[in-house]
């Protein structure tokens, strides 16, 4: 298992569209993907879970990947956050 | 409650008689409000079937949402479509659905409860967040949950209702009415609605007794309670005693005998004593009714409501499917004619839930919807034209309010004809077209409307509510909805005269045409065609055959001088009672 910490850069936070992009990206990999924020822990491959996070701009999230392709999964997902989901 | 009377253990509740007949049996309380899905343990062996039901329901919910979404992309703000997008994504959330299926398997509880319990967790979390954005998302989640649960339950509805029962509900949609009818339904009882609500019209067509407008009956009755329903007088009796039951059975007997006497005139034509011929035809919505219509002595179908084909589906049927249905109906009606009215639906049917209309009756419905959706209109026109080869098919457009709409509808018809011609597909090149006159603007312009078409058909249900500005389903103003209001009578006269000036025949396919109290008046106003629900055909024919056109004209002239619906109703009742005492009319 590997762990990464990211900060949400895009202004609107993890609203519907970025949430969908995140889930779709994670689904490409076998590795389990968990997001932790405050006391919440949700499955990063579940759109309803990600929507529940209410993660706004500036929030820090802990991402956990566990599985054979965890490194690739982590790289792809972290890149999304770094690009701010290609939004403003 | 002032409409409730108690006598011993009997409780009598007065409502509105919506469909005639007597029904006695156990109540089945049908609640559409999903407050909470009931938890129900299931057997290990039922697990696979339960999961199949869940998957079917999710697939249907997805279909519904995609349909709405597609539409929303054309008509709505992109911001509003996002809500739908999020909902569609939740339905496709494999983690969520996997969890729900796993829980059904391990906890052995019914699908709707697990859906409710699992999705509610997320809803609660969203509601506990401090910002509005998350509260809105909670609503989306709630919508999705209800959509899935409703789809699970709809499917189960059919199997859950076992044995005969009287359906007790707050209100019934035509779709509900149809679903229930596939089971052994003895009758319908509802809190809301009036004589002209679609559920009432449908129950009359299906010959299922119904009493509506009972206000709070769903709170007074429990599933399994024995009730007696009197659809002639509009009352229901809870815990009926032997004496009441006997009275009701005698009443049913009396009405049935009258109906049998009527059957003798089935094969005779609808003609007055002084030989004015009246076209008497039937309003139907389902192909199965055609035979019943013939048995009742109709000369044809004056209104075939094609929207019955849309019930329970999310897209209009294909041209081929429609063509086959229309062809069979035309074939079964031959040598008489059938008038197909193109889909007359509110926007909510073409795009369920896509947008909320503050005032749907003044909104996107009838021809307005079809002119905005040429794909649907053209497919239907082609299908109807193809079914016209025996030259007994006519086409009618609903809710027309402007001359421009007639022009545009005719352009689409011309396009459909050209397409068929170039494809060398046969159809009746002289197919006749008409419009429904049911909007005051169409009534005012009736003469010019008539110059554009081959016939006019007065749709009284809508016409009355638009002329009088009364929502017939709103209990607060429902008493103002009066078909014998002088304004309504004068409007009808204006339309008939306008049609005749242009040598166009004028019919009526609204409820009023089927009211025996109105028959003499309408014949006297010069109405050429009555299109009525099949069950009242013999009675209307009996009246037409018992009067003189000359006398009917005098009755109409006198009624037109009167100033209140009460006065006109009382006058017409006297005419019937004095001249046609064998016709049973409710005072």
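The values are calculated or read from the model by the stated rules, or taken from the named source; none is laboratory data. If you're wondering where the values come from, they're calculated on a predicted model, not measured in any experiment. No Cβ is skipped: glycine too gets one built from the backbone with ideal geometry, and neighbour counts run over all protein chains shown.
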* Asked: From the list B:84, B:125, B:91, which residue is modelled with pLDDT of 90 or more and either assigned by TED's automatic domain parsing to the domain that holds residue B:364 or under 21 Å from residue B:142 (Cβ atoms) (or both)?
  -> B:91
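This table checks each residue for (1) farther than 21 Å from residue B:16 by Cβ; (2) modelled with pLDDT under 75; (3) surrounded by 18 or more Cβ atoms within 10 Å (Cβ to Cβ).
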residue	(1), (2), (3)
B:130	yes, yes, no
B:161	yes, yes, yes
B:169	no, no, yes
B:180	no, yes, yes
B:183	yes, yes, no
B:186	no, no, yes
B:194	no, yes, yes
* Asked: Quick check, is residue B:380 over 26 Å from the mean Cα position of the chain (by Cα), assigned by TED's automatic domain parsing to the domain that holds residue B:319 and modelled with pLDDT of 95 or more?
  -> no
* **Single unsatisfied condition, residue B:360 versus (1) crowded, with 20+ Cβ neighbours inside 10 Å; (2) in contact with a helix residue (DSSP H, G or I) (Cβ under 9 Å, 6 or more places away or on another chain)** => (1)
* **Failed item in (1) more than 30 Å from residue B:299 (Cβ to Cβ); (2) out of contact with any helix residue (DSSP H, G or I) (no Cβ under 6 Å at 6 or more places or on another chain); (3) buried (at least 20 other Cβ atoms within 10 Å of the Cβ), with residue B:365 passing the rest** => (1)
* Structure fact -> All-but-one check, residue A:85 against (1) more than 27 Å from residue B:100 (Cβ to Cβ); (2) under 10 Å from the mean Cα position of the chain (by Cα); (3) crowded, with 17+ Cβ neighbours inside 10 Å, failing number (2)
* Identify all residues within region A:17-47 that are under 16 Å from residue B:133 (Cα atoms) and either surrounded by fewer than 19 Cβ atoms within 10 Å (Cβ to Cβ) or touching a strand residue (DSSP E or B) at 6+ places or on another chain (Cβ under 9 Å) (or both); write none if there are none. => A:17
* Asked: Which residues, taken from region B:108-142, are in contact with a helix residue (DSSP H, G or I) (Cβ under 6 Å, 6 or more places away or on another chain) and either touching a residue at least 40 places away in the same chain (Cβ under 8 Å) or away from chain A (no Cβ under 14 Å) (or both)?
  -> B:111, B:112, B:114, B:115, B:137, B:140, B:141
* Out of the residues in region A:5-16 that are buried (at least 20 other Cβ atoms within 10 Å of the Cβ) and under 10 Å from the mean Cα position of the chain (by Cα), state the one that is farthest from the other protein chains (Cβ to nearest Cβ). => A:8
* Determine which member of the set A:21, A:52 is in contact with a helix residue (DSSP H, G or I) (Cβ under 9 Å, 6 or more places away or on another chain), facing chain B (nearest Cβ under 10 Å) and over 16 Å from residue B:98 (Cβ atoms). => A:52
